[in-house]
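Written below as structure tokens is the structure these notes are about.
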Amino acid sequence: MILGLSKSEQEFVESTVKAIDDKMSWVADKNRDKIPYTTIDGTYDNRSMDTEDVNDPMGLSCWTNGFWPGMMWQLFNQTKDRKYSGYAKDAEVKLAKTFDLYLGLHHDVGFMFLSSAVIDYKLTCNEKSRIRALHAANLLAGRFNLNGRFIRAWNDSPDKDTRGLAIIDCMMNIALLYWASNETKDPRYKQIAMAHADTVLKNFIRDDDSVKHIVEFNCETGEYIKSYGGQGYIHGSSWTRGQAWAVYGFTVSYEQTHEKRYLDAAKRVANYFINNIPDSGIIPIDFRQPEELSLEDSSAAMIAASGFIEIMKNVPVCEKAFYLNAALKLLKTIVSSRTDWSKNQDNIILNSSASYNELTHQYAIIYADYFFIEAIFKLDGSDAKIWGN
Ligand code: GLY
């Protein structure tokens, strides 16, 4: 258990860990042959279809496909039950096939391989995992635009030129580059990660400490062109999951470099996020969405909670309670009102939303469960260190 929790907070963590372990034991067995993203009638779907169509959302290249093995590694680390490492390794072998597909891979190789191959290597010294992780890191490094000093987001589609696009989410992916430099002792990966982080610091954080989702640069000269609303409400709005990625990602950059500017950035965005948490503790999809549309995104809440705990580890004692209390508020709200512990649903967390301007909102999304489990296990002191220290 981490320091600083009151007796009742410790009891909350203990009972939630037990509830997670009880539910995930049967969920893992039931879905062992899949790589899920969401549920259909309560049962996890499967995004590991072996397809040549790299854009097929049900295919292996789906950017969220690291979260299932990531959950299995968190559970393995916490319980030491080898069934979880076995399920995680099975998923990783499937994911490795995406290197052959290649075209479906983009900036999100960080999400895909940090929570599968990197953590497998860290926990079991699997040499094959190390090679997979280095392949992924080289793919990510290869997306660096030298003049713009950013990592390119996405791949081109017939109707979209993405060569100049960078996105806030990628602050999480660059953890793979820090890992690769630590592993190989070659500073190039870390240099790229820091160059990207500095570009985001300069161009994404607004004066009010909220962050933009997408920024376009001239792909030849690197000049700033404009920003886009992306998965948030509209241009100029404040997509909550994007704010959460910035909080967590800048904290990881600080942990890997000890450059204070990154922790300062993480704190600025975190303080903005915390100041905007509604009294209910329920996180909207966008902090600037119309009030009458109370659309929620529990995944943003869980990523932010885990990010706040990460900040807490890195700030002086006098600041720790602020970030810990914010994380606890989000986690307690979710546990009391947005979880399903029954056998009717494979997911635990309710009411996540991928994007404001989609037709469907408030459903199960795997990364909400992943970051919920990670955050609770961090408080318990039993988490696997997938992104940071
Ligand atoms: N692509 C990351 C996200 O949807 O949050």
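The values are calculated or read from the model by the stated rules, or taken from the named source; none is laboratory data. Because the structure is predicted, anything quoted here is derived from the model rather than measured. No Cβ is skipped: glycine too gets one built from the backbone with ideal geometry, and neighbour counts run over all protein chains shown. For the accessible areas, the whole protein counts, side chains as well, though only heavy atoms, and no ligand, DNA or RNA atoms are used. Shrake-Rupley method; radii C 1.70, N 1.55, O 1.52, S 1.80 Å.
How many lysine pairs in region 108-240, separated by 8 or more positions in sequence or lying on different chains, have Cα atoms less than 18 Å apart? Could the numbers behind the result be given before it?
Values: LYS122/LYS185; LYS160/LYS226; LYS202/LYS212; LYS202/LYS226; LYS212/LYS226.
Close lysine pairs under the 18 Å cut-off: 5.
Nonpolar atom fraction for region 39-162, defined as the carbon and sulfur part of the 1.4 Å probe accessible area, stands at 51 percent.
Descending by average beta-carbon neighbour count within 10 Å, the peptides 114-127, 185-198 line up as 114-127, 185-198, the highest first. Antiparallel beta bridges, as assigned by DSSP with both residues in region 159-297, represent about 100 percent of the total such bridges.
Split the accessible area of region 235-389 by element, probe 1.4 Å, and carbon with sulfur accounts for 51%.
Highest mean packing first, where packing is the average number of other Cβ atoms within 10 Å per residue, the peptides 35-47, 88-100 line up as 88-100, 35-47.
Average accessible surface for the chain: 39 Å² per residue, computed with a 1.4 Å probe over protein heavy atoms with every protein chain in place. Search the structure for amide H atoms under 5 Å from the amide H of THR339, placed 1.01 Å from N in the peptide plane, and list their residues when 5 or more places away or on another chain. HN-HN under 5 Å from THR339: LEU350.
Peptides 166-172, 268-274, 240-246, ordered by how many other C-beta atoms sit within 10 Å of their residues on average, highest first, read 240-246, 166-172, 268-274.
The residues packed around SER342, meaning those with a beta-carbon under 13 Å from its beta-carbon, carry a net charge of -1 if Lys and Arg are +1 and Asp and Glu are -1. Against the criterion of solvent-accessible heavy-atom surface with a 1.4 angstrom probe, LYS343, LYS30 sort, most first, into LYS343, LYS30. Counting only DSSP beta bridges with both residues in the chain, the antiparallel share comes to about 95 percent. Note on SER294 and SER355: the model spin-label points, each 7 Å out from Cα along the C-beta direction, lie 2.7 nm apart. Sorted into 20 angstrom bins from 0, the C-alpha pair distances of the chain split as 30, 63, 7 percent. Using R0 = 35 Å, the C-beta based FRET efficiency linking TYR228 and LYS385 works out to 0.60.
Within the straight-line cut-off of under 19 Å between alpha carbons, the aspartates and glutamates reachable from LYS23 are GLU11, GLU14, ASP33, ASP41, ASP45, ASP81, ASP340, ASP346, ASP369, GLU374, ASP380, ASP383, sequence neighbours fewer than 8 places apart in one chain being disregarded. Among the listed pairs LYS34/LYS313; LYS329/LYS378; LYS267/LYS329; LYS18/LYS83, which are separated by more than 27 Å between their Cα atoms? Pairs exceeding 27 Å: LYS34/LYS313.
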